[in-house]
Amino acid sequence: GVDVTERNGLGADGGRVRTVRVRLTGGTVTVTGDQFRQAFGLRSNWFTVTETGPRDSKVEPAGGYRLGPDGDLSPFGAAAPATGDTGTAAGRARAVALGGRANRVGYVLDGFGGLHPFNGARAASGPTWPGWDIARDLVVRADGRSGYVLDGLGGVHPFGGAPGVASPGFDPGADAARRLVLRRDGASGYVVRSDGRVSPFGAAPAVRTSPLAAGRTAVGLILGADGTSGQVVDDAGGFSPFAAGALPAALSAPLPGAVAAEGRPDGASAYLVSGSGAIAVAGGARAPSPPKTGPTRDLALLQEPSGYVLDGYGGLAAFGGAPRARPSAYWSGNDVARRVALR
């Protein structure tokens with residue numbers, strides 16, 4: 001918070017600012033008006049401080065983890081350092097996924113199907129293939145202790161009590177499955193093949209997709225908010241929409257050598273990471289503070305809250321991917337609305 005504590009008394013608004021009290025997470029400091037002006041690039045020390053948003057709203061800064069080839073997790077943005085032993089056989093880490101409340105707990109998957117819990121996730125055992133580097137991706141359900149592992153042949157295997165699902169399955173020996181995306185029901189979703197084609201699992205409806213251009217490899221699947229449309233992301237940072245999926249805005253920076261992509265709840269924005277650990281955002285996602293760079297296999301995002309901000313007249317503004325909503329009452333010109341709650 002910011003409070004102007006002293007002005008020079010000149011003018012209708014009290015004049016130029018002499019002192020400002022700034023409330024920070026670590027305490028309160030007082031600075032001069034000129035110091036405040038310089039820090040925020042203002043034109044002069046004659047300014048006012050006003051609220052530009054409702055008080056009853058909070059959006060968590062973006063953040064998550066970058067996965068190294070040996071299971072090391074580098075936090076970025078709002079993510080705290082990971083706790084737990086996620087080390088894998090040298091070079092065998094394949095994927096990382098988060099789940100549970102606000103996507104705080106998760107697992108690292110190694111190439112043999114081993115699951116390495118972190119941030120308090122329970123120990124879990126899934127399908128294992130000792131000596132066979134065939135595990136490719138995983139997803140964690142909302143309970144934070146169950147999910148699915150994808151093998152390269154298209155098999156989708158439950159762990160931690162997740163219900164069994166019908167897997168797409170590919171040609172024997174193809175090793176073509178690369179990414180797994182879960183729908184909101186927690187028991188269906190899509191598998192993306194290396195050539196960009198998308199196959200359903202569980203009760204997800206089939207979608208029509210086309211192979212990527214020659215020389216391109218799929219590294220991610222951004223599923224739309226409707227759960228049946230989206231975009232396939234390739235290793236050049238390109239997007240190929242399917243089922244009328246909306247293309248996100250251009251990447252914040254070119255990202256050659258992309259290895260993974262993860263979408264946000266709105267279905268039209270995403271984070272991408274390259275094999276060197278560089279991160280780019282698309283579709284209006286907020287750029288995070290970068291992690292340390294280094295060899296990278298995957299990334300996982302904290303879950304940003306979604307919901308509605310209520311203005312004083314009863315208007316509702318959606319954030320974090322929540323659908324637009326029409327208020328049941330609106331009091332134009334009367335600043336009377338104060339709280340909103342969701343069922």
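Evaluate segment 122-129: report whether one residue or more is crowded, with 18+ Cβ neighbours inside 10 Å, modelled with pLDDT under 95 and of a type in the set (Ser, Thr, Tyr). Within segment 122-129 (the criterion being crowded, with 18+ Cβ neighbours inside 10 Å, modelled with pLDDT under 95 and of a type in the set (Ser, Thr, Tyr)), the answer is no, since none of the residues qualifies. GLY237 passes every criterion in (1) part of a loop (DSSP other than H, G, I, E, B); (2) at pLDDT below 90; (3) not basic (Lys, Arg) apart from (2).
Scanning segment 75-97 for residues that are at pLDDT 95 or above and under 13 Å from the mean Cα position of the chain (by Cα) returns VAL96, ALA97.
Looking at segment 114-125, is at least one residue in a strand (DSSP E or B) and more than 28 Å from ASP185 (Cβ to Cβ)? Before the answer, list the steps.
Within segment 114-125, the first condition is being in a strand (DSSP E or B), and the residues that meet it are 115-118.
Subset that is more than 28 Å from ASP185 (Cβ to Cβ): none.
No - not one qualifying residue is present in segment 114-125.
Looking only at segment 85-112, filter to residues that are in contact with a Leu (Cβ under 8 Å, 6 or more places away or on another chain) and not in a strand (DSSP E or B); which one of those is farthest from ALA142 (Cα to Cα)?
Just the residues of segment 85-112 that are in contact with a Leu (Cβ under 8 Å, 6 or more places away or on another chain), to begin with: 86, 93-98, 102-109.
Next cut, not in a strand (DSSP E or B) only: 86, 102-104.
Numbers: THR86: 21, ALA102: 9, ASN103: 8, ARG104: 10 Å.
In this case the residue turns out to be THR86.
Of the residues TYR330, TYR313, which single one is open to solvent by 60 Å² or more (accessible area, probe 1.4 Å) and at pLDDT below 85?
Details: TYR313 fails: at pLDDT below 85.
Of TYR330, TYR313, the one residue that is open to solvent by 60 Å² or more (accessible area, probe 1.4 Å) and at pLDDT below 85 is TYR330.
Yes or no: ASP133 closer than 22 Å to VAL232 by Cα and assigned to a loop (DSSP other than H, G, I, E, B)?
Against the criterion (closer than 22 Å to VAL232 by Cα and assigned to a loop (DSSP other than H, G, I, E, B)), ASP133 does not qualify.
Of the numbered criteria (1) buried (at least 20 other Cβ atoms within 10 Å of the Cβ); (2) closer than 19 Å to ARG178 by Cα, the one LEU73 fails is (2).
More than 27 Å from LEU302 (Cα to Cα) and open to solvent by less than 50 Å² (accessible area, probe 1.4 Å) - does that describe any residue in segment 187-198? Yes, segment 187-198 has at least one match. Here ALA268 clears all of (1) assigned to a loop (DSSP other than H, G, I, E, B); (2) buried (at least 19 other Cβ atoms within 10 Å of the Cβ); (3) in contact with a strand residue (DSSP E or B) (Cβ under 7 Å, 6 or more places away or on another chain) except the condition numbered (3). Just one of (1) open to solvent by less than 50 Å² (accessible area, probe 1.4 Å); (2) outside any loop (DSSP other than H, G, I, E, B) fails for LEU251. It is (2). Just one of the listed residues (ALA162, ALA166) is touching a Gly at 6+ places or on another chain (Cβ under 8 Å), more than 25 Å from GLY283 (Cα to Cα), of a type in the set (A, V, I, L, M) and modelled with pLDDT of 95 or more, and it is ALA162. Considering only residues in segment 285-307 that are open to solvent by less than 20 Å² (accessible area, probe 1.4 Å) and of a type in the set (D, E, K, R), the one that is modelled with the highest pLDDT turns out to be ASP298.
When segment 140-172 is filtered for residues that are of a type in the set (D, E, K, R), assigned to a loop (DSSP other than H, G, I, E, B) and surrounded by 19 or more Cβ atoms within 10 Å (Cβ to Cβ), the ones remaining, listed by number, are ARG141, ARG145.
The values are calculated or read from the model by the stated rules, or taken from the named source; none is laboratory data. Note that the structure is predicted; figures quoted are calculated from it, not measured. FYI the Cβ positions are ideal-geometry reconstructions off the backbone, even for glycines, and counts take in every protein chain you see. Areas reflect the complete protein model, heavy atoms only, side chains present, ligands, DNA and RNA absent. Shrake-Rupley method; radii C 1.70, N 1.55, O 1.52, S 1.80 Å.
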